[in-house]
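Visitor: I have a structure I would like to understand better, so I am pasting it below and will then ask my questions one at a time.
The values are calculated or read from the model by the stated rules, or taken from the named source; none is laboratory data. As the structure is a computational prediction, the values presented were derived from the model and not from experiment. Here Cβ is always computed from backbone atoms with ideal geometry, including for glycine, and neighbour counts include all displayed protein chains.
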Amino acid sequence: MLTRRDLLRIGMVTGAAAAGLGAIEIIGPVGDVSVDPGKTVGAVRKIPSMCQMCTTACGIIANVRDGRLLTIEGNPADPNSQGSICAKGVAGPSILYDPNRLLHPLKRVGKRGEGRWRRISWEEAYTEIADRLRVIRQSGRPEEFAFQQGRNRSSDIVSRFLNAFGTPSAFNHRALCSLNRRAAILATIGDSDWDLGDFENSRYILNFGCNWAEAHQGHIPVAIRMMRARERNNAKIVTFDARLSNTAALSDEWFCVKPGTDGLIALAMANVICTERLWDKEWFDTWSNYSAYDYARHVRQYTPERAEAESGVPAESIRRIAREFAEAAPRCTTICNRGSAAHRNGFYNDRAITVLNALVGNMGRVGGWCWHPQSAWDKKQIPEPAPVPDKPTARSLIAEAKDWPLANAWQNNKMRVGEIVYLWIKERRQRISALMTYNCDQAWSWPEASLVREVLADEELVPFHVCIDVMPSETSNLADIVLPWTTYLERWDIDSRPPQGLVDYVGLRQPVVGPLGESKDLREIFPELARRIGGGIERYFPWRTEQEYFEEYFRPVPGGFAHMRTAGVWQDPAKTPNYAPYERVLSEQELRGSETDEKTGIIYNGTDPKTGERQAIGIMIGGVARRGFSTPSRKLEVHSQFVADKGSEADKTISPLPVYEQIPAHRGELAEDQLIMISFKWNVHNAHRTMQSKWLQEIVHTNPAWINTATADRLGLRHGDWIEVTSFRPRDDQVPRGDGSRFGTLHTRVHVTEGVHPSVIAISHNAGRTTGGPVATNGRDRAGLPGHEPRPDRDADQVWWAGSLSVPQNDILPIYPDPVSGQQAYHDTIVSIRKIEDRA
Ligand SMILES: Nc1nc2c(c(=O)[nH]1)N[C@H]1C(S)=C(S)[C@@H](COP(=O)(O)OP(=O)(O)OC[C@H]3O[C@@H](n4cnc5c(=O)[nH]c(N)nc54)[C@H](O)[C@@H]3O)O[C@H]1N2
Ligand SMILES: Nc1nc2c(c(=O)[nH]1)N[C@H]1C(S)=C(S)[C@@H](COP(=O)(O)OP(=O)(O)OC[C@H]3O[C@@H](n4cnc5c(=O)[nH]c(N)nc54)[C@H](O)[C@@H]3O)O[C@H]1N2
Ligand code: SF4
Ligand SMILES: [Mo]
């Protein structure tokens, strides 16, 4: 056993671990170490890789001695994270060596969900799965094989297998996550679905509901730049959040908003900027497809007083901040995330916020609101080797759900509507013969998790369920076969994230130790299944090993795979930051053979290979042929006819302009006992995947309900009292089952604080697990690993927080898709609360 004292002695412990995250016990079988070191320091090999404790994929260096991972630190060569990592990143060893990991294939015995398992060999697992899948494929209905993924960072291998198999039934989690934000950005600028504020060079940052100091898909890369902006540019950060997040606490000003009103605040600011002529009228009139005067007329209805009445933010503050924001332009930007977007009106909220930037002319400017066309690495420069040429021709009614017109509106960016998948399976809209679950704990992390569990338990609705996971989950409990998956510290990937420095880069995730037990990655599982299913699928898996595949993949990088293995990342030194890409003057070569539409100024050349239509390549601006935006008008679309038309096709009204639509159930006064329930994430947790970590659970292991002091006084509640929270379905005729009926109930305790809006109850998403061993469940699940002997000696007794409150919020969150996009509205549910017991 290696204790923290040992780690300190060898001098490899980082700040967070030294700060008392607890000792790790390194247990269990340790496989062969088959990686070449980047460097060796004494007996410690320093192996670069990429973190995956959250979706930010920071560059890491693993310190490994004698085949054992000791500690993890940041990789300074990573252009995004630049050597920093967060507490979750540091806690990697506690996941790798978690005694509750799944290390062998398991097959259920008894009824599904009963919890009785038999250990099987990989051979047996492969044979059974391949036999099932072969029959489905041979039946001519490949769509009956559905694949459910979550925060997948291995999309190349997943798409390869699904495309080769021919199934379109790829279910994902985007609608639960970031759909609205992406749709709003795509509708407005076309070039990207992700904004990358140039924070480092900014002087004023307006944050609408993003918790970048604790979460956000760019967490560390964003946070380090925000702090630099403050130090170097004296930047001011203003945060709107319904709750005092740690980001709000780090900001210069925090405004506590009523949920779902960010769009109105942004529109009211636009009104002030227009009325007071603080805009960059020339930019707006040149580069957007709407005139500044027309936009001024449109936003006139959104007065700061109206915004104050609905959001609670004082009108005078809205005026002042609008002026300050415009004053700092172009070195000012916004940032937003699920706080503004994960609402029933989130598409419009994020449209309003994006256009606020256009109004002050900061788009693509140094210190302004920027983006990069590559949200990962440059796929033209580093293409996937020999991809499957064709997409499946079979159709999936669920994956292509038509009721939400913006979900699949963008050809190359299909987002899908995840939260309705299990409801639609229950309603038998699409027949599923086999389901494979991967990197997703939908039975716990999705709304109406109880419905997901009900469907997964039903052998008629889901006749065969294979779950691939690193540790037991609510979802794996409902599988027929569980395949033990390697952690991110034992697997290979090509990966990178939207580049915060505006220059794309590429990274390698590589095993820092050999796989524990019999765990395997998809990159080994899929080729093996393909060979056994046969029928031609196998020809898409010609590589003998994962290394061979990545050797080919990284060939375009100078130094190739060998460079990647020792450096971890590569960035092309010839590339420059993607500032104002729309201004780029088209070259003579690009213009050769082109034609220009007289009326619109749009320049066309050639035809789009996919649609067969004329291909727009730019736009004439002031007599110069420039690249413009990748929207239908080649301008920034304040007015999006595209989204309006998508709405009409589906018999829905979508406003072409950013508007504010109040959330129906939030209209008027709520009843005395009613509140709006919101959700949030903690810095040390990443949903399921960190709840198994002893180091992280020691820091945060509970989730009481935050309630404002005034609200508590009104309802006679004191800190620590027990309450019953009852949720209601939305009363909303545009939402499935939107009848306002009572939905679910849970019992929890209150955390009374000034740091939350008086009409809100806030519950975090890091608790309420029922499986995964004592660490993940606060001692509730003492049985340990399915199919293995219980190990009470190992860690049950070390869970000093056993019995702490831990409630599953998703069991009372109704499915609530934004009617235009399908984004799950996580922060809009009306609940009533009732005191049931005084604090003990
Ligand atoms: N630590 C950690 N980091 C993560 C993740 C994680 O699970 N844990 N997950 C990753 C993923 S997948 C995602 S999608 C991102 C999410 O990153 P974020 O969106 O930044 O984080 P969330 O906690 O989901 O929500 C942000 C904030 O919205 C606030 N909020 C709720 N309603 C409103 C509202 O109406 N208006 C405003 N202004 N604020 C509101 C909440 O109080 C919360 O503080 O984080 C990524 N990084
Ligand atoms: N109430 C509420 N619900 C939410 C949210 C919220 O804010 N509030 N956020 C939503 C959002 S934004 C998202 S993206 C979804 C995410 O929900 P999920 O997609 O379910 O995400 P994860 O919990 O990250 O876990 C997915 C699986 O990844 C496995 N996993 C894969 N690789 C590793 C590894 O290397 N190590 C570890 N430890 N685990 C691994 C875990 O075992 C787990 O089963 O949840 C959504 N649900
Ligand atoms: S921000 Fe995410 S990817 Fe980066 S170190 Fe933390 S957990 Fe790992
Ligand atoms: Mo997410």
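Visitor: Do you know which residues across region 82-120 are within 16 Å of ligand 3 (Cβ to nearest atom), hydrophobic (A, V, I, L, M, F, W, C) and touching a Lys or Arg at 6+ places or on another chain (Cβ under 8 Å)?
Guide: Residue satisfying the conditions is Ile95 alone.
Visitor: Quick one: is Thr745 part of a strand (DSSP E or B), at pLDDT 95 or above and either within 15 Å of Ser806 (Cβ to Cβ) or touching a helix residue (DSSP H, G or I) at 6+ places or on another chain (Cβ under 7 Å) (or both)? Break it down into steps so the answer makes sense when it comes.
Guide: Working: part of a strand (DSSP E or B): yes; at pLDDT 95 or above: yes; either within 15 Å of Ser806 (Cβ to Cβ) or touching a helix residue (DSSP H, G or I) at 6+ places or on another chain (Cβ under 7 Å) (or both): yes.
The answer is yes for Thr745.
Visitor: Counting just the residues of region 143-185 that are more than 27 Å from Arg344 (Cα to Cα) and among the charged types (D, E, K, R), which one comes out nearest to ligand 3 (Cβ to nearest atom)?
Guide: Out of the qualifying residues, it is Arg153.
Visitor: Please report, ordered by residue number, the strands (runs of 3 or more DSSP E) entirely within region 101-172 with at least 3 residues that are away from ligand 2 (no atom under 16 Å from the Cβ), of a type outside the set (Val, Ile, Thr) and in contact with a strand residue (DSSP E or B) (Cβ under 9 Å, 6 or more places away or on another chain). Walk me through it before giving the result.
Guide: Details: elements: 106-108, 117-119, 145-149.
The strands (runs of 3 or more DSSP E) meeting that bar are 117-119.
Visitor: A follow-up question, please. Just a yes or no: is a residue in region 395-410 of a type in the set (D, E, K, R), assigned by TED's automatic domain parsing to the domain that holds Asp493 and at positive phi?
Guide: Within region 395-410, the subset of a type in the set (D, E, K, R) is 395, 400, 402-403.
Cutting the leftovers down to assigned by TED's automatic domain parsing to the domain that holds Asp493 gives us 395, 400, 402-403.
From what's left, at positive phi: none.
No.
Visitor: Give the number of residues within region 737-758 that are closer than 21 Å to Glu427 by Cα and surrounded by 19 or more Cβ atoms within 10 Å (Cβ to Cβ). Show your work before the answer.
Guide: Residues of region 737-758 closer than 21 Å to Glu427 by Cα: 737-744.
So of that shortlist, the ones also surrounded by 19 or more Cβ atoms within 10 Å (Cβ to Cβ) come out as 738, 743-744.
Total meeting the criteria: 3.
Visitor: Collect the residues in region 356-374 that are assigned to a loop (DSSP other than H, G, I, E, B) and more than 23 Å from Glu552 (Cβ to Cβ), keeping them in residue-number order.
Guide: Val360, Gly361, Asn362, Gly364, Arg365, Val366, Gly367, Gly368, Cys370, His372, Pro373 - these are the residues of region 356-374 that are assigned to a loop (DSSP other than H, G, I, E, B) and more than 23 Å from Glu552 (Cβ to Cβ).
Visitor: Go through region 487-510 and give me each residue that's touching a helix residue (DSSP H, G or I) at 6+ places or on another chain (Cβ under 9 Å) and under 26 Å from Gly67 (Cβ atoms).
Guide: Thr487, Tyr488, Leu489, Glu490, Arg491, Trp492, Asp493, Ile494, Gly507, Leu508, Gln510
Visitor: Across region 449-474, what is the number of residues that are among the charged types (D, E, K, R) and in contact with a strand residue (DSSP E or B) (Cβ under 8 Å, 6 or more places away or on another chain)?
Guide: Of all residues in region 449-474, those among the charged types (D, E, K, R) come to 453-454, 458-460, 469, 474.
Next, only the ones that are in contact with a strand residue (DSSP E or B) (Cβ under 8 Å, 6 or more places away or on another chain) stay: 469.
Qualifying residue count, region 449-474: 1.
Visitor: Could you say which residue among Asp469, Asp441 is of a type in the set (D, E, K, R) and away from ligand 1 (no atom under 16 Å from the Cβ)? Give the steps one after another, and end with the answer.
Guide: On the way: Asp441 fails: away from ligand 1 (no atom under 16 Å from the Cβ).
Residue meeting the stated conditions: Asp469.
Visitor: Going through region 598-611 one residue at a time, which ones are of a type outside the set (A, V, I, L, M) and surrounded by 14 or more Cβ atoms within 10 Å (Cβ to Cβ)?
Guide: Let us first name the residues in region 598-611 that are of a type outside the set (A, V, I, L, M), namely 598-601, 604-611.
The answer is Thr600, Gly601, Tyr604, Asn605.
Yes/no per residue for (1) on the phi > 0 side of the Ramachandran plot; (2) at pLDDT below 95; (3) in the same structural domain as Arg243 (by TED's automatic domain parsing):
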position	(1), (2), (3)
Gly312	yes, no, yes
Arg320	no, no, yes
Phe325	no, no, yes
Arg331	no, no, yes
Arg344	no, no, yes
Asp350	no, no, yes
Ile353	no, no, yes
Lys380	no, no, no
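Visitor: In a loop (DSSP other than H, G, I, E, B) and crowded, with 17+ Cβ neighbours inside 10 Å: which single residue out of Leu451, Leu461 fits that description? If you could, list the steps in order and put the result at the bottom.
Guide: Values: Leu451 fails: in a loop (DSSP other than H, G, I, E, B).
Of Leu451, Leu461, the one residue that is in a loop (DSSP other than H, G, I, E, B) and crowded, with 17+ Cβ neighbours inside 10 Å is Leu461.
Visitor: Suppose we filter Leu133, Leu162 for residues that are of a type in the set (A, V, I, L, M), farther than 28 Å from Leu406 by Cβ and more than 16 Å from ligand 1 (Cβ to nearest atom); which single one remains?
Guide: Values: Leu162 fails: farther than 28 Å from Leu406 by Cβ.
Only one candidate qualifies: Leu133.
Visitor: What single numbered condition from (1) of a type in the set (Gly, Ala, Ser); (2) within 19 Å of Ala341 (Cβ to Cβ); (3) within 16 Å of ligand 3 (Cβ to nearest atom) fails to hold for Gly260?
Guide: Evaluating Gly260 over (1) of a type in the set (Gly, Ala, Ser); (2) within 19 Å of Ala341 (Cβ to Cβ); (3) within 16 Å of ligand 3 (Cβ to nearest atom) leaves (3) as the failure.
Visitor: Return yes when Gly218 is more than 16 Å from ligand 3 (Cβ to nearest atom) and crowded, with 21+ Cβ neighbours inside 10 Å and no when it is not. Lay out the reasoning, then the answer.
Guide: Working: more than 16 Å from ligand 3 (Cβ to nearest atom): no; crowded, with 21+ Cβ neighbours inside 10 Å: yes.
The answer is no for Gly218.
Visitor: Output the residues belonging to region 243-264 that are on the phi < 0 side of the Ramachandran plot and part of a loop (DSSP other than H, G, I, E, B). Outline the logic, then answer.
Guide: Of all residues in region 243-264, those on the phi < 0 side of the Ramachandran plot come to 243-259, 261-264.
Leu244, Ser245, Ser251, Asp252, Val257, Lys258, Pro259, Thr261 - these are the residues of region 243-264 that are on the phi < 0 side of the Ramachandran plot and part of a loop (DSSP other than H, G, I, E, B).
Visitor: Which one of Leu267, Leu176 is in a helix (DSSP H, G or I), closer than 30 Å to Ala530 by Cβ and in contact with a Phe, Trp or Tyr (Cβ under 8 Å, 6 or more places away or on another chain)?
Guide: Values: Leu267 fails: closer than 30 Å to Ala530 by Cβ.
The conditions single out Leu176.
Visitor: Please enumerate the residues belonging to region 459-482 that are touching a Lys or Arg at 6+ places or on another chain (Cβ under 7 Å) and more than 12 Å from ligand 2 (Cβ to nearest atom).
Guide: If the condition is that a residue be touching a Lys or Arg at 6+ places or on another chain (Cβ under 7 Å) and more than 12 Å from ligand 2 (Cβ to nearest atom), then Glu459, Leu461, Phe464, Leu478, Asp480, Ile481 are the ones that fit.
Visitor: Within region 628-649, does at least one residue satisfy the condition of being basic (Lys, Arg) and without any contact (Cβ under 8 Å) to a residue 24 or more places away in the chain?
Guide: Within region 628-649, none of the residues are basic (Lys, Arg) and without any contact (Cβ under 8 Å) to a residue 24 or more places away in the chain.
Visitor: Next question, about the same structure. Since Gly110 meets every condition but one in (1) at pLDDT below 95; (2) more than 16 Å from ligand 1 (Cβ to nearest atom); (3) under 22 Å from the mean Cα position of the chain (by Cα), which condition does it not meet?
Guide: Among (1) at pLDDT below 95; (2) more than 16 Å from ligand 1 (Cβ to nearest atom); (3) under 22 Å from the mean Cα position of the chain (by Cα), the lone unmet condition for Gly110 is (3).
Visitor: Restricting to region 218-234, count the residues that are farther than 14 Å from Asn683 by Cβ and in contact with a Cys (Cβ under 9 Å, 6 or more places away or on another chain).
Guide: The number of residues fulfilling the criteria is 1.
Visitor: Given Arg689, Arg634, Arg667, which one is surrounded by fewer than 22 Cβ atoms within 10 Å (Cβ to Cβ) and either in the same structural domain as Ile353 (by TED's automatic domain parsing) or among the basic types (Lys, Arg) (or both)? Before you say what the answer is, go through the steps one by one.
Guide: On the way: Arg689 fails: surrounded by fewer than 22 Cβ atoms within 10 Å (Cβ to Cβ); Arg634 fails: surrounded by fewer than 22 Cβ atoms within 10 Å (Cβ to Cβ).
None of the other options fit; the residue is Arg667.
Visitor: Confirm whether Thr726 is of a type in the set (Val, Ile, Thr), modelled with pLDDT of 95 or more and within 26 Å of Ala248 (Cβ to Cβ). Before the answer, list the steps.
Guide: Details: of a type in the set (Val, Ile, Thr): yes; modelled with pLDDT of 95 or more: yes; within 26 Å of Ala248 (Cβ to Cβ): no.
Against the criterion (of a type in the set (Val, Ile, Thr), modelled with pLDDT of 95 or more and within 26 Å of Ala248 (Cβ to Cβ)), Thr726 does not qualify.
Visitor: A follow-up question, please. Test of understanding: among Val735, Val775, Val684, which residue is under 30 Å from Pro405 (Cβ atoms), of a type in the set (A, V, I, L, M, F, W, C) and outside any strand (DSSP E or B)? Reasoning before the result, please.
Guide: Working: Val775 fails: under 30 Å from Pro405 (Cβ atoms); Val684 fails: under 30 Å from Pro405 (Cβ atoms).
Within the list Val735, Val775, Val684, the selection yields Val735.
Visitor: Out of (1) surrounded by fewer than 24 Cβ atoms within 10 Å (Cβ to Cβ); (2) not in a helix (DSSP H, G or I), what's the single condition that is false for Phe240?
Guide: Among (1) surrounded by fewer than 24 Cβ atoms within 10 Å (Cβ to Cβ); (2) not in a helix (DSSP H, G or I), the lone unmet condition for Phe240 is (1).
Visitor: Please find, within region 180-214, the residue that is surrounded by the most Cβ atoms within 10 Å (Cβ to Cβ) out of those that are of a type in the set (D, E, K, R), in a loop (DSSP other than H, G, I, E, B) and within 16 Å of ligand 2 (Cβ to nearest atom).
Guide: So the first thing to find is which residues in region 180-214 are of a type in the set (D, E, K, R), and the list is 181-182, 191, 193, 195, 198, 200, 203, 214.
Narrowing further to those that are in a loop (DSSP other than H, G, I, E, B): 191, 193, 198, 203, 214.
Filter once more, keeping what is within 16 Å of ligand 2 (Cβ to nearest atom): 193, 214.
Numbers: Asp193: 23, Glu214: 19.
Across region 180-214, the extreme among qualifying residues is Asp193.
Visitor: Within region 50-79, how many residues turn out to be buried (at least 24 other Cβ atoms within 10 Å of the Cβ), in a loop (DSSP other than H, G, I, E, B) and more than 9 Å from ligand 3 (Cβ to nearest atom)?
Guide: The qualifying residues number 2.
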